[in-house]
Structure formats: structure tokens, C-alpha cells
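Scroll down for the structure; my scribbles are underneath it.
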Amino acid sequence: MRSGHPDFRLGNVLATSFTGTLSERHGDAVERIPTPQRLVDWLAVYGLAVNSCTAAQLDLARELREAIHAAATAAALQDPLPVSAVQVINDHSAQGRAAAFLTPEGKRQWRLGSASRVEDALSVIAADAISVISGERDGKLALCASPTCQAAFFDTSQSRTRRWCDMNTCGNRQKKARFNANQRRNPRSAE
């Protein structure tokens with residue numbers, strides 16, 4: 001943890017990693033971007049460096065995060081997408097100035113507008129959400145099996161049977177809980 005804030009949960013998929021900036025949604029929620037500077041820090045980790053962020057821009061980011069979460073959750077459950085969430089995602093996608101560039105290593109990299117506004121970075125996240133939720137990418141939206149988390153994540157495993165949004169947090173917590181329950185039921189097995 002740096003500067004008293006919870007660590008970021010980093011993933012390989014931009015849009016679902018962004019929704020992970022609020023974790024444990026069904027337990028004691030953990031806000032990982034509580035200040036405008038933390039949003040700037042998170043965006044920089046994903047190659048979307050911006051010059052600054054205001055409280056109003058942080059509110060916009062949280063609005064987008066919740067819209068992506070709502071739409072991704074609906075898609076994972078194969079429910080109709082919430083109209084209001086779709087509108088927010090589309091609006092953010094259309095508002096930014098960003099361009100995709102191909103690196104010499106064959107990777108896609110985003111370049112934001114010359115002023116590097118938060119809105120430009122949010123448009124990239126919204127565009128990524130559209131590609132994930134629409135099924136354009138190879139993978140499957142799923143929900144974390146942790147009852148306190150239930151975060152939407154994009155499963156790119158070969159079998160598409162991943163159960164946890166993050167094995168190092170939710171998965172290990174559930175494995176530890178099962179182990180402790182087994183120890184209480186069978187105290188002699190630890191000897």
C-alpha cells in the first residue's frame with residue numbers, strides 16, 4: 001500500500017481492471033481510487049498518463065466504472081444490458097481524443113490528445129469495455145465466485161472456467177476459508 005491507499009488490483013483487461021478499482025462490492029467495499037491523484041496514478045499504470053484530474057473528472061470516472069460494471073455483470077449473466085449503462089459507456093467512448101498506435105513489438109499503445117485529459121483516457125476505457133461486452137474479444141465475461149466480491153472479469157483461460165477475479169486475493173481467501181473450515185471439522189488431520 002502506498003500513501004495509505006489500498007493497492008491497485010491489476011489485470012490484463014483494461015475495462016474490467018477499471019471496475020476493480022472498487023472491490024468487495026458485496027462486503028466491506030474498498031475504493032481504490034478515492035482521490036483524483038489516485039485516478040491519475042491508476043491511469044499511468046495502464047499507459048494512459050494524464051496531466052491532472054479534478055474532483056469532477058473523478059466523478060465522471062466513477063460513473064463510467066459503475067456503468068461498465070453494470071453492463072459487464074448483465075453480459076456475464078446473459079441478461080439484457082442496462083440501457084442507462086450502455087448510454088454512459090457510449091457517451092464516454094465518443095468524448096475522448098485518443099489514437100491507437102502499433103509499437104515495434106507488435107503491441108497496441110494508446111496516445112491521448114495533446115492536453116492528456118482524463119476524458120481522453122476514459123474514452124479508451126469505454127472503447128475497451130465495448131469490445132469486451134460486445135463479444136469482439138476472445139474470452140468470456142464471468143463473475144467472481146467470492147460472495148463478497150462478485151466482480152465482473154474477462155476470462156481468457158483456455159477452458160473459460162476461471163472462478164475468481166484475482167487468484168491472489170479472492171481465490172486465496174476462499175481457499176483459506178475452506179482449509180480453516182476443514183481444520184475445524186477435522187482437528188486431528190493437522191497433526
What size of dipole, in debye to the nearest 20, comes out for region 42-124 about its Cα centre when the only charges are +1 on Lys and Arg C-beta atoms and -1 on Asp and Glu C-beta atoms?
320 debye
Kindly report the accessible area of the chain per residue (heavy atoms of protein chains, probe 1.4 Å, no ligands, DNA or RNA), in Å².
55 Å²
Degrees, to the nearest 10: 36-45 long Cα axis against longest axis of the chain
90 degrees
Using helices alone, what [θ] at 222 nm do you get for the chain, with -39,500 (n - 2.57) per DSSP H run of 4 or more residues, divided over all residues and rounded to the nearest 500?
-13500 deg cm²/dmol
Expected field for E136, accessible surface area in Å² at 1.4 Å probe radius, rounded to 10, holds 140 Å²
Top to bottom by accessible area (1.4 Å), largest first, where do L141, L64 land?
L141, L64
By average C-beta atoms within 10 angstrom, highest first, the peptides 43-52, 143-152:
143-152, 43-52
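Just in region 52-128: which trypsin sites (Lys or Arg not before Pro) are loop by DSSP and have at most 10 other Cβ atoms within 10 Å?
K107
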One finds, for V45 and T103 with R0 = 30 angstrom and r their Cβ-Cβ distance, a FRET efficiency to the nearest 0.05 of 0.95
Residues whose built amide H sits under 5 Å from the amide H of G47, excluding neighbours closer than 5 in sequence, are none
Computed over the chain: longest principal axis from alpha-carbon atoms vs helix 172-185 long axis, angle to nearest 10 degrees, is 10 degrees
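The values are calculated or read from the model by the stated rules, or taken from the named source; none is laboratory data. Here the structure is a predicted model, which means the values were calculated and not measured. Every residue, glycine as well, gets a Cβ built from its backbone with ideal geometry; the counts of neighbours run over all protein chains shown. Just the protein is used for accessible areas: all its heavy atoms, side chains included, with ligands, DNA and RNA removed. Shrake-Rupley method; radii C 1.70, N 1.55, O 1.52, S 1.80 Å.
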